[in-house]
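Please read the structure below before turning to the comments.
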Amino acid sequence: MVMAQEHGCLGRLSDRERQILELAATGKADHMIACELGISIGTVNTYWSRIRQKQGRRSRSELVTQLAQDCAEADMGRLRAENAALLTAIAELQKRDSGLVELLLQVSHLVDSASEAMLVVDPEGTIRLCNAAAEAVFGHPPGDLAGHHLRELIPARYHGRHAANRIEFLSHPEKRPMGVDATTATRRDGSEISILATIDAFTTPEGQFASCLVRLASGRGPTRFQLR
C-alpha cells in the first residue's frame, strides 16, 4: 500500500507507526510485523499504543480503514494534478496544430496554383502537400500522393543516402537545385524517370518543411537522387 501523504488524517504518525499500520493493512498479524521489521512483539504493541493515543484510541480495523482513505485521497490528488498537466499539454498541442493547419492551408493555395509540379515535405519525410502537376509527374491519381513518404519517389538504392541528405538540408536550408544534374525518381508503377528539381524550406511550429519544384528532364540522363 502506498504511504498516505502527510496532510491526511494519519499525518501525525511517525514513519515507523505508519509502517506498522500499513503492514497490518496487508493482513499481517503482530508477530509477522515484528519479524519483518526485526523488532519484538512488545515493541510492536508499544507502537500500537502510540498510534491509538494519536488517533483517539480507535480500533485496529478503524485505523486500517482510515489509512486506506488517506491513501485514496493522496492518489486522487496526484491523479488530479496529472490530469491538469495532461489537459494543459493537450491544449498546447491543439493550439500548435491549429496554427500548423492554418499555415499549411495557406501554403496549399500556393502549391495548387504553381504551374510546375510541387511537393511540401515535413521533417520526417512525409509528403504533406502536392499539386495535380506533381501527381501527374509521379503517376499518382488525384488526391493519392499526399501522405506518402518521400522515399516512395526515390529508387531503393538511394534511400539511405537521401535520408541523411534530407536531414542535413533541413538543418541548413537554402534554396538550391537538387543535385548538379538530372535526378532519378520513381513513379507509382515502379518505372524510373529523370527530373530536375529545386528545393527550398520554410519554418512551421513543427520545424523546417522542405518544398520542392519538379519538372521532367527531357533528353537528359539521370544521376543520383540527392539533396545537395
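The numbers here are math on the coordinates, done by the rules we state, and not lab data. On a predicted model such as this, the values are computed, not experimentally measured, just so you know. Cβ: placed from backbone, ideal geometry, glycine included. Neighbour counts: every protein chain shown.
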Seminar exercise, completed: Summing +1 per Lys or Arg and -1 per Asp or Glu among the other residues with Cβ less than 11 Å from C71's Cβ gives -2
Exercise. Quick one: if you stick a label point 7 Å off each Cα along the C-beta vector at L79 and R58, how many nm between them?
Worked result: 2.1 nm
For this session: Any chance you could run the full-extension gain for R12 through K28? It's 0.36 nm times the residue separation minus the Cα-Cα distance, nm to one decimal.
Result: 3.5 nm
